[in-house]
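Reviewing the structure listed below.
Here, each number is a calculation from the coordinates, and none is a lab measurement. For clarity, every value in this text was computed on a predicted model and none was experimentally measured. A quick note on method: Cβ atoms are made from the backbone with ideal geometry, for glycine too, and the neighbour counts reach across all protein chains shown.
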Amino acid sequence: MNTDVIVVGAGPTGLMLACELALAGVGTRILERRTERQRDSRALSLHARSVELMDQRGILDRFLPLGRTVPSWHFAGLPTQLDFGTLDSRHGYTLFLAQERTEAVLEARAHELGVEISRGHETLGVSQDADGVEVEVRTPEGGTETVRARYAVGCDGGRSVVRQAAGIGFPGTDETLTGVLGDFGVVDPQPGALEAARARGVIIAPLEGGLTRFVCLDPERIRVPAAEPVTLEEFRTSLTRVTGSDCGVAEPRWLSRFGNATRLADSYRSGRVLLAGDAAHIHFPAAGQGLNTGLQDAMNLGWKLAAVANGWAPPGLLDSYDGERRPVGRSVTGNTEVQTLLVELTLVARYERPAAALRELLDELLGMAEVNRLLAGRVSALGTCYPPTAPGADPLVGRRMPDVGLVAADAEAKRVYELLAPGRFVLLSLAGDPALRKAVDAGWGSRVTAVTVGTHDEHPDLDGVTEVLVRPDGHVAWATRATDGGTRGDERARALTAWAGTPS
């Protein structure tokens, strides 16, 4: 398979992107500096929108048995948690799942789809011309080689070589606060010690293999640079200072320090070079949004870049990746900064009383259903809505398509997300138009699955909608409430051309 796209980085974002490209028949190669998959997991969750994405591709059953569903999540460590169960989704929960497991599933999926994963290949630089990109690589043998492709995507983390080589700025703020995390094989067997630690703000979570994750912010150590190694002695001392006990931690498998440096790339694209995941945005790991934002970047970019590589993309489609996902990155970095500030104020002695009052006020607000749903939608990304590209668009455009059950006129019952598994557009006639498939197949049959719906689950967002075009990433591209067949047909043709390219 010829290489159309080089993806630099085999973390969750790079693997997800490679899977999306390969699903569309695009030759994809991943270059990864590490020789083996990283065994330690900084991230531990797949939020609801990421779970939906796996459902849309028909691979959710590979993830669910490996994790544990959690119906709520924290915001800045406040006592009142975000209730994902109130959101409009079949998956109103977070899947508690170690990053290492997520990567393993996505890597297996990438191999199934024919992605070439080159481990031990360190990217040294990237250049581009009018026809393609060249990536300079240090091979496992210590030599160098140049790999050429049509496009390159940097999924290589906060210190992205790809981003620097492309000359894309990464403005933001340096760290002002750090914390420590550790995965321990031995902890105090007395439940009271762990509960007392949790009550004092220490995050404690059971992991696979008998390990327990501790995350601690010690007021006397929050200014230590993130690059300074963590020792077991330091960890025990901090736990004792914060909680009154070292919680019996011993046999650490992994100790790490993390900070709140926050940056957002000036652009997610420079010509034939694009960015996704931590290469495009970094922030404090508040509410576990980093890995999930990267997966959602990959889902948005994958089908668009594939459309360009396959030669049918309408004008401006690839530019819409930056237009849609960079505002999301700005929103995520913004809400993590708010959460970090609240945590930092709580830790600084001179702000103790006003910080306590602020936390009490915000916790009271979280108890209000509307506020809770708003923040739950942001953290879970179920609230993500992309701006419409045409004036006067239906209110459904840009939003997630509801995963309603369908009974098609000429097929067995399905859910909307099941129809998205091939990674194509899905056009639904909710008005029962029997001529829909013929009208669509003639020009866009290789890119669009047309389904005439006999009946479907009731959903308020679909009241009055007669046709809806769903993008490969599950967001609505176009919807109409026109009842006249001729008017609807004209609107449909314009929408299909605008999104799925000129008819073949």
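The separation of segment 467-495 from segment 129-164, counted between C-alpha centres, amounts to 40 Å. By the count of other C-beta atoms within 10 Å, a proxy for reagent exposure, L124, L53, L181 are ordered fewest to most as L124, L181, L53.
Using alpha carbons only, the radius of gyration of segment 270-350 set against its Kirkwood radius gives Rg/Rh = 1.15.
A compact globular protein would have a Cα radius of gyration near 2.2 N^0.38 Å; the ratio found for segment 182-259 is 1.01.
For the chain, the 222 nm mean residue ellipticity estimated from helices alone, with every DSSP H stretch of n ≥ 4 adding -39500 (n - 2.57) and the total spread over all residues, rounds to -10500 deg cm²/dmol. For the pair A411 and R62, label points projected 7 Å from Cα toward Cβ lie 2.2 nm apart. Each label point was placed 7 Å from the Cα along the Cα-to-Cβ direction; for I203 and S72 their separation is 1.7 nm.
Summary value for segment 142-224: 29 percent relative contact order, contacts being C-alpha pairs under 8 angstrom separated by 6+ residues. With the simple spin-label model, which puts each label point 7 Å out from Cα in the Cβ direction, the S267 to A493 separation comes to 3.6 nm. What the Cβ-Cβ distance of T86 and A196 gives, at R0 = 22 Å and to the nearest 0.05, is a FRET efficiency of 0.10. Taking the number of Cβ atoms within 10 Å of each Cβ as an exposure proxy, the fewest-first ranking of H111, H456, H281, H91 is H111, H456, H91, H281. Relative contact order for the chain: 16 percent, from Cα pairs under 8 Å spaced at least 6 residues apart, divided by residue count. Each residue of segment 392-398 was assigned a 3J(HN,Hα) from its phi angle through the Karplus curve 6.51 cos²θ - 1.76 cosθ + 1.60 (θ = phi - 60°); the sequence is x, 5, 4, x, 6, 5, x Hz, with glycine and proline shown as x. The listed peptides 413-424, 486-497, ordered by packing as a protection proxy, come out as 413-424, 486-497 (highest mean of other Cβ atoms within 10 Å first).
Applying 1/(1 + (r/R0)^6) with R0 = 35 Å to the Cβ-Cβ distance of S446 and T35 gives a FRET efficiency near 0.35. Each part reduced to its alpha carbon centroid, segment 1-56 and segment 204-274 end up 25 Å apart. The coefficient of translational diffusion for segment 405-500, derived via Stokes-Einstein from the alpha carbon Kirkwood radius under 37 °C and 0.692 mPa s, stands at 249 µm²/s. Taking the alpha carbon gyration tensor of the chain, multiplying each eigenvalue by 5 and rooting it gives semi-axes of 41, 28, 20 Å, largest first.
Once the Cα-Cα distance is subtracted from the 0.36 nm per residue extended length, the Y351 to E458 segment shows a gain of 33.5 nm. Full extension of the segment from Q164 to D131, taken as 0.36 nm per residue of separation minus the current Cα-Cα distance, would add 9.8 nm. Estimated at 0.36 nm per residue, the fully extended path between R148 and T240 surpasses their Cα-Cα distance by 27.7 nm. Ordered by the count of other Cβ atoms within 10 Å of each Cβ, fewest first, D319, D484, D461, D403 give D484, D319, D461, D403.
Phi-derived couplings, Karplus 6.51 cos²θ - 1.76 cosθ + 1.60 at θ = phi - 60°, listed residue by residue for segment 114-124: x, 6, 8, 10, 9, 8, x, 10, 8, 6, 9 Hz, with x used for Gly and Pro. Normalising the average separation of contacting C-alpha pairs (under 8 angstrom, six or more residues apart) by the number of residues puts the relative contact order of segment 182-259 at 45 percent.
The L374 and A250 beta-carbon pair, evaluated with R₀ = 45 Å, returns a calculated FRET efficiency of approximately 0.60.
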